[in-house]
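Remarks on the structure that follows.
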Amino acid sequence: MRHQQPTGTRGPILRRADERGHADHGWLRSAHSFSFAGFHDPEWMGFESLRVINDDQVAAGAGFPMHPHADFEIFSYVLSGALEHKDSMGNGSVVKAGGVQYMTAGTGVRHSEFNPSRDEDVRFLQVWLEPKVHGARPGYQTLDIPRAEKDGKLRLFVSEDGRDGSIKTLAGADVYAAILNGEQEVRFDLRDGRSAYLHLAEGSAKVNGQRLQRGDAIALTEPAEMVIEEGQGAEVLLFDLEKKS
């Protein structure tokens, strides 16, 4: 389940916000970067191990009731408001903007996600990654990322080896967050055997010469340097992904 780069092209792949699937359920407004639920795009079933990026906005007091997952690494990156999690493992937490809740679904788990506020929407990116091993023991953890740790720099918060205080994942992925404004610039070297997918969660920025707006994304499938600059309230997630054979 990955996007196949067009034959004969080696440059960046652009995924514009208005090309995504969109759903409005009243209590939930969502944009799907990849095929999900009622949205199907055969060209965008996923990208390497990255299977889902849903940009979800949930109304005050609403949310997703208990539902099952298995054999996915799933995290929610909270952009504004607060998100409450409960699961069949007995975990419960509320994560606010700047926080991450991470779940290894493994052999199977049920969980719910709700907006505990009475008057404020919560907006978050829900991300699913395909694990390299199936049937793992389910698990859950949270991580708060202070703004200073991602201001003008890439902050690793998910990794295969759990380095630098990041959450350890069973997927072939390292995931970074960054906030950029004005003259701040971030550079990332993509290694051989890896692909990169950058999603612009907020604001606007220029990436390898391409101006991206909120919801846009850019992907690389060959070794190259990714340059992120000229941010205007920009918040990005950068996925460094192991290539599938």
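Inspect all residues belonging to region 127-138 and state whether any of them is closer than 26 Å to Leu220 by Cα, within 19 Å of the chain's Cα centre (by Cα), basic (Lys, Arg) and not in a strand (DSSP E or B).
Among the residues of region 127-138, at least one is closer than 26 Å to Leu220 by Cα, within 19 Å of the chain's Cα centre (by Cα), basic (Lys, Arg) and not in a strand (DSSP E or B), which makes the answer yes.
Among the residues making up region 139-167, those that are within 17 Å of the chain's Cα centre (by Cα), surrounded by 15 or more Cβ atoms within 10 Å (Cβ to Cβ) and within 25 Å of Glu84 (Cβ to Cβ) are Tyr140, Thr142, Leu143, Ile145, Lys150, Arg155, Phe157, Val158, Ser166, Ile167.
All conditions but one from (1) in contact (Cβ under 8 Å) with a residue 60 or more places away in the chain; (2) out of contact with any Asp or Glu (no Cβ under 8 Å at 6 or more places or on another chain); (3) not aromatic (Phe, Trp, Tyr) apply to Gly135; the one that does not is (2). Scanning region 181-197 for residues that are among the small types (Gly, Ala, Ser) and surrounded by 15 or more Cβ atoms within 10 Å (Cβ to Cβ) yields Ser195, Ala196. Looking only at residues of region 21-64 that are of a type in the set (Asp, Glu) and part of a loop (DSSP other than H, G, I, E, B), we find that the one that is farthest from Leu238 (Cα to Cα) is Asp41. Check whether at least one residue in region 163-170 is within 27 Å of Trp44 (Cβ to Cβ) and either in a strand (DSSP E or B) or among the β-branched types (Val, Ile, Thr) (or both), and report yes or no. Scanning region 163-170, I find at least one residue that is within 27 Å of Trp44 (Cβ to Cβ) and either in a strand (DSSP E or B) or among the β-branched types (Val, Ile, Thr) (or both), so the answer is yes.
Residues that are within 21 Å of Pro146 (Cα to Cα), of a type in the set (A, V, I, L, M) and touching a residue at least 60 places away in the same chain (Cβ under 8 Å) do occur in region 76-85. For the criterion of being of a type outside the set (Lys, Arg) and either surrounded by 20 or more Cβ atoms within 10 Å (Cβ to Cβ) or closer than 30 Å to Glu19 by Cβ (or both), Ala178 passes. When Leu143 is tested against the conditions (1) over 19 Å from Asp56 (Cα atoms); (2) assigned to a loop (DSSP other than H, G, I, E, B), the lone failure is (2).
Can you tell me which residue is nearest to Phe114 (Cα to Cα) among those in region 70-89 that are acidic (Asp, Glu) and part of a strand (DSSP E or B)?
Of all residues in region 70-89, those acidic (Asp, Glu) come to 71, 73, 84, 87.
Pick out the ones that are also part of a strand (DSSP E or B) and you get 73, 84, 87.
Values: Glu73: 19, Glu84: 5, Asp87: 12 Å.
So the residue we want is Glu84.
State which residue is nearest to the chain's Cα centre (by Cα) when the search covers only region 74-114 and only residues that are buried (at least 22 other Cβ atoms within 10 Å of the Cβ) and among the polar types (S, T, N, Q). Taking the candidates together, the pick is Ser76.
Residues that are free of Cβ contacts under 8 Å to residues at least 40 places away in the same chain and either among the polar types (S, T, N, Q) or assigned to a strand (DSSP E or B) (or both) were ranked within region 213-229; the one that is nearest to His32 (Cα to Cα) is Met226. The set of residues in region 52-73 being surrounded by fewer than 18 Cβ atoms within 10 Å (Cβ to Cβ) and touching a residue at least 60 places away in the same chain (Cβ under 8 Å) consists of Ala59, Ala60, Asp71. Considering only residues in region 168-185 that are more than 16 Å from the chain's Cα centre (by Cα) and not acidic (Asp, Glu), the one that is farthest from Ser49 (Cα to Cα) turns out to be Gly182. Any chance you could count how many residues in region 90-106 are aliphatic (A, V, I, L, M) and either farther than 18 Å from Lys168 by Cα or outside any strand (DSSP E or B) (or both)? Selection size over region 90-106: 4. Residue check: is Phe188 within 18 Å of the chain's Cα centre (by Cα) and over 14 Å from Ile74 (Cβ atoms)? So Phe188 passes the test.
All of the numbers you see were taken from the coordinates with simple rules; none came from a lab. Just so we're clear, the structure is a prediction, and the values are computed from it rather than from any experiment. Note: ideal-geometry Cβ built from the backbone for every residue, glycine included; neighbour counts use all protein chains shown.
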